[in-house]
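Every read-out reported here was derived from the displayed coordinates using simple, explicitly stated rules and does not represent laboratory data. The structure presented is a predicted model; accordingly, all values stated were derived computationally and were not measured. Note: ideal-geometry Cβ built from the backbone for every residue, glycine included; neighbour counts use all protein chains shown.
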Amino acid sequence: MNIDLVGKNALVTGSTRGIGRAIAESLANAGARVAVVGRDHARAAEAAAAIGRDARGFAADVGDPASVVALVEAVEKEFGQVDILVNNAGLTRDNILFRLKDDDWDAVLDANLRGAFIAIRSVARGMIKRRWGRIINIASVVGITGNKGQANYAASKAGLIGLTKSVAKELGSRNVLVNAVAPGFIETDMTAAMTPEARAGLAGQIPLERLGTPQDIAGVVTFLASDQAAYITGQTIVVDGGMVM
């Protein structure tokens, strides 16, 4: 399948490393001009330079609504418009229920859910006017199954799935498609630090018997951003090797 995103501008939050970086690279390889976003501008600029293909670095704190609004304005000023929004940035502050502090609840919901909402609202008007847009929210299988010690994270990702469906219904008539991708266990800095036994235990829960890679997620996101997915909206695509089928 040849995916062509030439002429499209993409904004990917949390894209200096890991899954977000893989998504930014995949979109750029498909021809899109990509706004690489991180909390630190120098790091975002460095990642954008490594990606090349006219990628640009931007700084934002997705937990701060004003910062998200300013980000979208800066990208639109630089690129002219945002055609593809990928809400990937996220935060975890895990703890069991009785030890979970209010501040940790608020911080995770602000970054993972409210930040995505603000970004969507900020780009949607332009997408509606142009009658073309793609919004892809990176959720998690934890938002579907729940997880011990992650009440705040699971709630934020479940909320993101609900937000995806609601916005998809509102914007569908204007050809603005909104979908979510829910990764399972993915190779990250955290899993790389695990013992071989712990990694084998994770893999043992997965029918494909391996952890996913950031590229596994990036490929699905790039497909959803393209005209190949022109009749898909309001869906949550689970990419987990069959773990929660």
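Taking only C-alpha pairs under 8 Å that are 6+ residues apart, what is the relative contact order of the range 9-237 in percent?
It rounds to 20 percent for the range 9-237.
Scan the range 145-198 for trypsin sites (Lys or Arg not before Pro) in coil per DSSP, keeping those whose Cβ has at most 10 other Cβ atoms within 10 Å, and list them by number.
Here the trypsin sites (Lys or Arg not before Pro) that fit, given the DSSP loop and packing criteria, are LYS148.
What are the ³J(HN,Hα) values, in whole Hz, obtained from phi via the Karplus relation 6.51 cos²θ - 1.76 cosθ + 1.60 with θ = phi - 60°, for each residue of the range 21-28 in sequence order, with x given for Gly and Pro?
Going residue by residue, I get 5, 4, 5, 4, 5, 5, 5, 5 Hz, with x marking Gly and Pro.
Taking the simple approach of a point 7 Å from Cα along Cα-to-Cβ for both ASN2 and THR191, what is their distance in nm?
Going from the ASN2 label point to the THR191 one covers 3.3 nm.
Under a plain spin-label model, where a point goes 7 Å from the Cα along Cα-to-Cβ, how far apart in nm are ARG17 and ARG99?
2.4
Counting Lys and Arg as +1 and Asp and Glu as -1, what is the net charge of the other residues whose Cβ lies under 13 Å from the Cβ of ARG134?
So the environment of ARG134 carries a net charge of +2.
With +1 on each Lys and Arg Cβ and -1 on each Asp and Glu Cβ, how big is the dipole of the range 34-150 about its Cα centre, in debye rounded to the nearest 20?
Dipole about the Cα centre, nearest 20: 500 debye.
Can you tell me, using C-alpha contacts under 8 Å and at least 6 residues apart, the relative contact order of the range 1-100 as a whole percent?
Dividing the mean separation by the residue count of the range 1-100 yields 29 percent.
Given 10 °C and 1.306 mPa s, compute D for the range 1-74 with the Stokes-Einstein relation, Rh being the Kirkwood radius over Cα pairs; round to the nearest whole µm²/s.
Once the numbers are plugged in, D ends up at 132 µm²/s.
Suppose the chain between LYS169 and ALA42 were pulled fully straight at 0.36 nm per residue; how much longer would it get relative to their current alpha carbon spacing?
Extending this stretch completely gives an extra 41.9 nm.
Hey, if you put +1 on the Cβ of every Lys and Arg and -1 on every Asp and Glu Cβ in the range 124-245, which of LEU163, LEU224, PRO196 ends up farthest toward the positive end of that dipole?
Value computed over the given set: LEU163.
What is the total of Lys pairs in the range 1-160 with C-alpha atoms under 22 Å apart, excluding same-chain pairs fewer than 8 positions apart?
For the range 1-160, qualifying lysine pairs total 6.
Calculate, in nm to one decimal, what GLU209 and ALA66 gain on full extension: separation in residues at 0.36 nm each, minus their alpha carbon distance.
So the extension gain works out to 47.2 nm.
Can you tell me how the range 61-180 classifies by the Cα gyration tensor, rounded, prolate or oblate, using a/c under 1.5 as the rounded cut?
The shape class here is oblate.
Taking θ as phi - 60°, what are the ³J(HN,Hα) couplings along the range 72-83 by the Karplus curve (6.51, -1.76, 1.60), each to the nearest whole Hz, with x for Gly and Pro?
With coefficients 6.51, -1.76 and 1.60, one gets 4, 4, 5, 5, 5, 5, 6, 9, x, 6, 10, 9 Hz.
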